[in-house]
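Visitor: One structure coming up, written as structure tokens, with questions to follow.
Nothing in this text is a laboratory measurement; each read-out follows from the coordinates by a stated rule. Owing to the predicted nature of the structure, the values given are computational and were not obtained by experimental measurement. Quick reminder, even Gly has a Cβ in these numbers, built from the backbone with ideal geometry, and neighbours come from all protein chains shown.
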Amino acid sequence: MRSSQLKSFASKLHGSSLLARNKRFFASSADKIQRPKEPVRVTVTGAAGQIGYALLFRIASGQMLGPNQPVILQLLELPSGAKQLEGVVMELKDCAFPLLRGVVQTDSVQKAFEGADYACLVGAKPRSKGMERKDLLKENAKVFAEQGKAINSYANRNIRVVVVGNPANTNAMITSHYAPKIPPKFITAMTRLDHNRGLAQLAEKANCKVTDVERFAIWGNHSATQYPDISHCMINGKVAKDVIKDEAWIKDTFIKTVQQRGAAIINARGASSAASAASSCVDHMHDWMLGTSGKWISMAVCSDGSYGMDKGIWYSFPFVTRNGDYMIVPNLPCDDFSKEKMDLTRKELLEEREALESLLK
Ligand code: NAD
Ligand code: LMR
């Protein structure tokens, strides 16, 4: 039908009867192809905090779980954050997101995790200037023990969890310990922010797009010992080292910049990264559930012993994902420089586990 014909056809129809009588005609092709899905329940803890404020709107708009997946948000805050959360929920409603089918706001862990299909565990204390992330170990571990128990008792058995609150790897281990009914592989920690930081630094140095950089990996802990590894990396199909041609930059500047980026942001902003952390959380869950089509991503999971990393610590590896499942990229050759760096961060994770021994009995 040509546009003039369409105009005259539409002018004969009016008001709500237009849609009702011509539903099939006006339905978009996407509506015809995809059946509406049932809403899923997504728990976000620390929902009124900095990261929460940048994260909720992106989940509700469909950027995390896809444009055809309705969501019910279950938002957990401390009683001290309740009023602020009320305001955030008003704003969420005011966006009139078509995919947002409900919002629960609560300070009860039971209510927050009841029937949850996904959880972004953000709520925790951030570090301030001069602190390392592991300085938060004992204080935040108690929060994750409580939430692990609640996930175990009230959440969907297939829940997919990403821990953002620091120290993220060890908090994920604690969460899993207190949620024995949930397969450990469903509880992950976020190193995607480090991964994205690395991609951005490399793209800037090589003067290319971030999507031109492939096979980059973060190994180990979300901490200053993490190993941002470009030894397998390709830029526009060429070996990254040959493109960059600056060994000193790779070994000294690049690795340190990624390792210290969180602290650099705290120094500059006076508060820890928030929008970039929320964005990486969206990327983490999106790529886990919707697949990477062979692209590498990094996340921290319960080690199965791959690459000699102790079983049971949450260690970051390179992954490919498909249909909600993931696989550690296998059989990568690691040179002595990489082995040393991978081992250093492994040791830090063992120390963190040892420091929380009393909570892991
Ligand atoms: P924030 O202080 O702005 O917000 C945290 C919110 O969590 C607050 O509103 C607080 O009331 C709430 N909260 C605290 N304990 C809670 C509990 N037990 N239950 C429910 N809510 C609780 O902090 P933020 O900037 O949003 O950062 C949150 C966490 O994320 C920090 O630990 C920070 O270090 C970490 N972080 C991690 C990454 C990463 O890459 N993994 C990146 C940035 C920040
Ligand atoms: C980050 O990497 O920006 C966060 O983990 C915050 C921090 O403490 O560095």
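Visitor: Sorted by packing (mean other beta-carbon atoms within 10 Å per residue), highest first, where do 52-62, 107-117 land?
Guide: 52-62, 107-117
Visitor: Can you tell me the length gained on complete extension of the stretch SER153 to LYS245, counting 0.36 nm per residue apart and subtracting the Cα distance?
Guide: Extra length available between SER153 and LYS245 comes to 27.8 nm.
Visitor: Using alpha carbons only, what's the Rg to Rh ratio of the range 70-190 with Rh from Kirkwood?
Guide: Working: Rg = 14.8 Å, Rh = 15.0 Å.
My calculation of the ratio gives 0.98.
Visitor: In whole Hz, what ³J(HN,Hα) sequence does the range 256-261 give by Karplus (6.51, -1.76, 1.60; θ = phi - 60°), x for Gly and Pro?
Guide: Those phi angles translate into 5, 4, 5, 4, 9, 4 Hz.
Visitor: What spacing in nm lies between the two simple spin-label points modelled at GLU340 and CYS95, each 7 Å away from Cα in the Cβ direction?
Guide: Result: 4.6 nm between the two label points.
Visitor: Based only on the alpha carbon positions, what is the Kirkwood hydrodynamic radius of the range 192-360, in angstrom?
Guide: About 16.6 Å, per the Kirkwood formula over Cα pairs.
Visitor: Please list, in chain and number order, the residues 5+ apart from GLN74 or on another chain whose amide H is under 5 Å from its amide H, with Hs placed from the backbone.
Guide: Amide H neighbours of GLN74: VAL42, THR43, VAL44, VAL104.
Visitor: Quick check on the chain: what are the equivalent-ellipsoid semi-axes from the Cα gyration tensor, as sqrt(5λ), descending, whole Å?
Guide: 38, 27, 19
Visitor: To the nearest 20 Debye, how big is the dipole of the range 36-189 about its Cα centre, given +1 on the beta carbon of each Lys and Arg and -1 on that of each Asp and Glu? Numbers along the way, then the final one.
Guide: Numbers: 19 positive and 12 negative charges, 85 e Å.
In debye, rounded to 20, the range 36-189 gives about 400.
Visitor: Provide the three semi-axes, in whole Å and in decreasing order, of the ellipsoid equivalent to the range 191-250 as defined by the square roots of 5 times the Cα gyration tensor eigenvalues. Mind dumping the intermediate values first?
Guide: Values: eigenvalues 70, 29, 20 Å².
Value: 19, 12, 10 Å, ordered largest first.
Visitor: Based on the Cα gyration tensor of the range 310-361, what are the three equivalent ellipsoid semi-axes, each the root of five times an eigenvalue, rounded to whole Å and given largest first?
Guide: Working through the eigenvalues yields semi-axes of 24, 19, 6 Å.
Visitor: Relative to a virtual label point 7 Å from the Cα of LYS238 in the Cα→beta-carbon direction, which members of the range 207-223 show backbone nitrogen distances below 17 Å?
Guide: Taking a point 7 Å out along Cα→Cβ of LYS238, the residues of the range 207-223 whose backbone N falls under 17 Å are 207-215.
Visitor: Related question: Order of 90-102, 261-273, 298-310, 220-232 by packing, highest average Cβ count within 10 Å first?
Guide: Numbers: 90-102: 13.3, 261-273: 15.2, 298-310: 19.6, 220-232: 24.0.
The densest-packed peptide leads the list: 220-232, 298-310, 261-273, 90-102.
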